1. Pull up the range 362-390, narrow it to residues that are part of a loop (DSSP other than H, G, I, E, B) and of a type in the set (S, T, N, Q), then point me to the one that is nearest to the chain's Cα centre (by Cα).
2. Of the conditions (1) of a type in the set (Val, Ile, Thr); (2) at pLDDT below 95; (3) crowded, with 16+ Cβ neighbours inside 10 Å, Thr331 clears all except one; give me its number.
3. Please work out if Ile299 is closer than 22 Å to Phe155 by Cα and either crowded, with 20+ Cβ neighbours inside 10 Å or not polar (S, T, N, Q) (or both).
4. Kindly indicate whether any position in the range 303-313 is free of Cβ contacts under 8 Å to residues at least 40 places away in the same chain and either of a type in the set (Asp, Glu) or under 28 Å from Arg374 (Cβ atoms) (or both).
5. Find the residue count for the range 90-126, including only residues that are under 28 Å from Ala48 (Cβ atoms) and more than 20 Å from the chain's Cα centre (by Cα).
6. Let me confirm something: among Ala337, Ala319, which residue is more than 30 Å from Ala96 (Cα to Cα) and over 21 Å from the mean Cα position of the chain (by Cα)?
7. Being at positive phi, in a loop (DSSP other than H, G, I, E, B), modelled with pLDDT under 75 and small (Gly, Ala, Ser): is that true of Ser26 here?
8. Restricting to the range 52-73, give me the number of residues that are surrounded by fewer than 15 Cβ atoms within 10 Å (Cβ to Cβ) and under 16 Å from Ala201 (Cβ atoms).
Amino acid sequence: MICSLRNTAISIVALALAACSDDNVSTAPRNAARPSADLSVNGNEAPAPAGLVTVALADQALTVWPFTGYDFTGSASDPINVIFSGEADPRQIRAALLGLSGTGRPGPLAGFTCTWDDAVGDPQTHYGAAQGWVGSAIQLQCGNFYGPRFHVRMFRHGAVTVANAHYEILIPGTNQHEVLSWELAKGLVTADIARTGLLGAAPATSGVITPAPYYRAVQAPVATGLSGAQKAGLGLLTNADGSASIPNSGRAAILQLGLAADVAEGMADKDFVITFAQVIPKPFCVAGTTGYLYASGPIRVKMRSGIADGNYRSEWTAAGTLNLTPFNPLTGRPAGATYQGEISEKVTTDMTQGMAEAEHLSDRRETPDDGSTRGTRLQHLRVRENGRDIYKVDIIC
């Protein structure tokens, strides 16, 4: 069964992890360094990305970008695979899912007994023709950060909410998650929304709006740790390089909510530790180095999230000191003296009736900073429903 992944220990050759997929607590950047870009210019926001699609809903035509991103460049990350209409504010969807038990799921989903709560994850960006760029102010998980978990990011566009749902595992010794399935997560969200009793119509599907029959791939070091039965259960297609293509129908589930869930007041806290013990690509100031580090040590994550006066707010922080040892991938041995990396992350999100915002501040410093192979990376992302968006990256070596 797919849920047997819960008991699987994955052996990973981390040298191949040049760019981990999906979300993280940002102690290693997903993309190569880009020049700083301040997109807050007199309240204007970045232009629309290429490739907008139009989806016919019961009461309107929705024109959106069919992917999520991590900035405003139009670089695609995850496929939009769920669209909520009707009583579809993310606060209501959250309330509906949090009210469910972990039992009673239909058919093969019965083996998953997780319950929903707020998720720690990097905020993402999304574009819709009516609202422009918006952020994932509300993220949910069924499971927990250590995984496996189902993870949903929601983006409000007026009366419609679009989302990406995926099933993922945590790569041991890192903060990185690896997506294993889009379709399994879409199916679980659809089944759980049906279980709430709030649907006003039977679930429907859009046309093909993202690449099919596969989109993205599980990295080879992760894929090789999965059994044949697990790959078959997830429908993964093993490639010649050892990676495994992830099935994707390209269609979004359309869930029309006829009734609104009651949004309950209350805040909740999380406090956990991510223990690093893995070889990772050096995240910045790479010139003159081997390009790899063995990172070890704890990063403490704290989160407070919930509803106050009808409004959603979350804040999570990640902070700690890692020991960083230069590593030679050719010899498999240390290549220099150990030094430290200071990590500080803060993500805040808010959603009210008239405004939603997600903001991410990241500060990563190599200490002591004693030459061009060490430095500091500062990142600032802010995305609001009403514009004044910012994405900046500053790297000082």
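The values are calculated or read from the model by the stated rules, or taken from the named source; none is laboratory data. These numbers were taken from a predicted model, which means no experiment stands behind them. Cβ atoms come from the backbone with ideal geometry, glycine included; neighbour counts cover every protein chain shown.
1. Keep residues of the range 362-390 that are part of a loop (DSSP other than H, G, I, E, B), which gives 368-375, 385-389.
Restricting the remaining residues to those that are of a type in the set (S, T, N, Q) gives 372-373, 386.
Working: Ser372: 32, Thr373: 30, Asn386: 23 Å.
Selected residue: Asn386.
2. Thr331 satisfies every listed condition except (3).
3. Numbers: closer than 22 Å to Phe155 by Cα: no; either crowded, with 20+ Cβ neighbours inside 10 Å or not polar (S, T, N, Q) (or both): yes.
Considered against the rule, which asks whether it is closer than 22 Å to Phe155 by Cα and either crowded, with 20+ Cβ neighbours inside 10 Å or not polar (S, T, N, Q) (or both), Ile299 comes out as no.
4. No; the residues of the range 303-313 include none that is free of Cβ contacts under 8 Å to residues at least 40 places away in the same chain and either of a type in the set (Asp, Glu) or under 28 Å from Arg374 (Cβ atoms) (or both).
5. Looking only at that region, the number is 1.
6. On the way: Ala319 fails: over 21 Å from the mean Cα position of the chain (by Cα).
One residue alone meets the criteria, Ala337.
7. Details: at positive phi: yes; in a loop (DSSP other than H, G, I, E, B): yes; modelled with pLDDT under 75: yes; small (Gly, Ala, Ser): yes.
Criteria met by Ser26.
8. 4
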